[in-house]
Amino acid sequence: MSNSESILIVEDDELILKTLEFRLKKENYKISIAKNGLEAKKILLENPPKLMITDLMLPFINGRELIQIAKNECNPPIKVIVLSASSQENVILDAFKIGADDFVSKPFSPIELSIRVKRFLSV
Amino acid sequence: MNVFTLHISILIWGLIQSVSGQNVADKKFHIVGKNENFFRISLKYNFKQTALLTFNPQIKHPESIEVGDTVWLSKREHNPIKTTSKQVTKSEVLAEPKDIQPSKAVINTFDTPSQHDLDIPLFNHPDPITNWVLKLDAFFVLITGITIIIIFVSRITKNRVAVRKKRLIEHYEEIISSFLFSDENVQDSHYLQRFTQKSVAKTGFQKTILAHLLSKIHDNFLGDSQLLIERMYHEHELEKMALKNLHSIRWSNRAKAANISGKMNVKEAIPTLKVLVSDRNRQVRIQAIIALIRLRNDKPLSFLSGIRFELTDWEQVQILKALERYNTNEIHLEASHFETELATVLGLVIRIAIQFNKTESSSTILSFLRHANTTVRMRVLSACKSLTYIESVDILKTYFDEAAIHEKIQIIDVISVLITEDDGFFLNIFENEELDESLRLAAAKGLANVSNGYAHMELINKEEMSIQSKLSKHVLDWRL
C-alpha cells in the first residue's frame, strides 16, 4: 500500500505521540509531530499537512486555537481530528462548533483512529 | 560553583582557627619576654589580671616581673612551682630574646614541672566559655562543609540518574510502540518473549520505569492494544513488584500499587486490596476500592463490608464513577441484600441501587428504614434527599406512618426538597390539630417550599391556633 498523505500529530504526551507516529507510519502516511501548540502552529503555517490530529490541552497554544488556525488561516483548510481526555458533552460540542471534523475520546482504540484517518484522507 | 568554593574556604579557615585556638588554650605557662609586663600577658591570654595572679601566688608584685620570669596560665593545686626567674640571668635573655623556646627553656633551664604536674588536664582552662565557643565554631563549620559536599554529590548523582532515566524511557517507548503495532501475530507465545528480551528490565529502577510507562499507555488505549499491554506487564513479572509495594510503608507506593493492580488485572492482589479499603490514607483506600471494582471481584460491592470508616462525599463519588465505568451488572441485586451498620456506606449502597435500578431500590430503602437503627435511618433519609428521584417520595410517604416523630420531621423536610407542588400531604399534616406542634411547623415550612403553598396562606391566617403566628411568620419568611 502506498500512501503519501501528510498528517500532523500534536500531543504533549511523548509516549502517545510515539505510538501514534509508529502506528500511522506503518500505513505509509507522512508524519510530522509537535509536542506543543507553538511547534504545531509553525508547521501548520509553513508546511501545512492534509490532516491534523490534536489534543486540546497543550502548552503555549491550546488545541482550540490550533483548530481555528487550521480552518481559517490555511488554504485549503486542514481536516482536524480532536483527540482528548475529556468526554464532556460541552467540550465535544465546542470542538465541533469551532470546526473540528471528528472527536475521539481517550482512552481510544488505535485501530479505530486509524480507520477514521483513512476515511478522511480518502475523501 | 563560586558559592561552593567560598564554603570550602570558610571550612578550611574555620579548621585553622579552631586548631590555633586550641594551641592557645593548651599552653600552660608563659616566659616573660622583652617589653612584656603582667598586664600585656593577661591581655594576650585573655585573663583578668586578678585571675592570673591567683595562678601565680609567687608573684607578689606584678608590676615588677622581669624578663625570663615564668607566669603560670592555669591553677596549680599541688607542688606549687617556685619561681625560677633567678636561674636565668637577665643578660642571657636580653641577648637573644627571639631564640627563647618556652618548652625548651622549661625543660633545660628551669625547674621543670614534676611528672605529677604534667598529668594535670590540659583543658583546665580559666575561661571555659571561650573554649566551648571555639569548639562549637569548628563543629558548625565542619557540619556546614560536610552538608555542602553531600548536596554537591547528590546533585551530580541526581543529574546522572535523570539522564539515565531519560535514555531508558526513550528506549522503552521505542520498543513498546513497535511491539504494540507489529505486523506479527501477537498471539504467538514467542512474540511476548521477544518483547521481554528486547526490553530488558532486571533492576528495580528499570522495572519501575517500564511499569510506569505501561500503566500510562494503558490509560490511553482501548481494546486489543490494552490487553496486549497487560500481557507485556505480566510477561515481565512486574506484578510481583506491585504485590510487594501493596505492603509498602509509604502511602504513595501503596496507592500506586493498588492502582496498577486493578489496571493490569493482578488477581493475586485481591486479598491485600480488601485489607487496604480500610487503610488510614484516603488515596490508598480509594485506589484499593477502584482496583477491586476493576478486578471484577466475585461481588462488586463486597469490598464495602471491609470498610471501617465513614466515606466522604468525594469517596462516594469516586466509587460511583468507578462502578459506572467498570462494572454495572447486577449491582442493585447485591445492594438490596447488603448488610452493614455503617450509615454512610448504607447511604452509598442506596445511591448505587437507585442509580442502577429504581424499582429494586424502593424496596431496598424501605427495608433499610424498617430494619436499621435510628442513626442509619436518619442517614438513609438524608441520602434520599440527595438523590432527588421523585420515586423516593412514595417510599417516604409509605414509611411516614411507621416513623418516629423526629423521622417524620426529616421526611417532611426531604419531601419538600423533592416535590414542587403539594398534593395535600403537607396540608393534611398542618391541619391536623391532634398532631405535635413541631410536626405541623415542619409541614408549614414544607408548604412554604412548594409552588401551591402560598394558596394555603389564607387557611393559616383563618385558623385559631396556638402556633398560628409562629407558623405564619415562618411561611412568610420562607416565601419572601
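Side notes on the structure shown:
- The calculated FRET efficiency for A:PHE60 paired with A:LYS97, based on their beta-carbon distance and R0 = 25 Å, is about 0.65.
- For B:ARG250, the accessible area of its heavy atoms, probed at 1.4 Å with every protein chain present, is near 150 square angstrom.
- Modelled FRET efficiency - R0 35 Å, B:PHE400 with B:SER305, Cβ distances, 0.05 increments: 0.70
- Average beta-carbon neighbours from other chains, 10 Å sphere, peptide B:175-181: 5
- Three-way shape label, chain A, alpha-carbon gyration tensor, a/c 1.5: rounded
- In this simple spin-label approximation, B:GLN58 and B:LEU227 carry label points 7 Å from Cα along the Cα→Cβ vector, and these lie 10.4 nm apart.
- Backbone amide hydrogens, once placed in the peptide plane, bring A:PHE103 within less than 5 Å of A:VAL82, excluding anything fewer than 5 places away on its chain.
- The helix-based estimate of mean residue ellipticity at 222 nm for chain A, built from -39,500 (n - 2.57) per DSSP H run of four or more residues and divided by its residue count, is -13000 deg cm²/dmol to the nearest 500.
- Shown is the FRET efficiency for A:VAL104 and A:LEU38, computed with R0 = 25 Å from the Cβ-Cβ distance and rounded to the nearest 0.05: 0.60.
- Net lengthening on full extension, B:LYS321/B:SER252 (0.36 nm per residue, minus Cα-Cα): 22.7 nm
- Counts of other chain beta carbons within 10 angstrom of each beta carbon in peptide A:23-32 average 1.
- B:ILE149, A:ILE31, B:ILE365, ranked by accessible area, largest first (probe 1.4 Å): B:ILE149, A:ILE31, B:ILE365
- What separates the Cα centres of the range B:202-245 and the range B:133-162 is a distance of 39 Å.
- Net charge, B:ALA443 excluded, C-beta distance under 11 Å - Lys, Arg +1, Asp, Glu -1: -2
- Accessible-area ranking of A:ILE33, B:ILE59, largest first, probe 1.4 Å: A:ILE33, B:ILE59
- With the convex hull drawn around the C-alpha atoms of the range B:136-240, the volume per residue stands at 121 Å³.
- Mean separation of Cα contacts under 8 Å (6+ apart) over length of chain A, as relative contact order %: 22 percent
- Largest to smallest in accessible area, the residues B:HIS171, B:HIS61 fall in the order B:HIS61, B:HIS171 (1.4 Å probe, all protein chains included).
- Here the label points at B:ASN131 and B:ARG155, each 7 Å from Cα along the C-beta direction, are separated by 4.0 nm in the simple model.
The values are calculated or read from the model by the stated rules, or taken from the named source; none is laboratory data. None of the values given here were measured: they were computed from a predicted structure. FYI the Cβ positions are ideal-geometry reconstructions off the backbone, even for glycines, and counts take in every protein chain you see. What goes into the accessible areas is simple: the full protein's heavy atoms, side chains included, and nothing from ligands, DNA or RNA. Shrake-Rupley method; radii C 1.70, N 1.55, O 1.52, S 1.80 Å.
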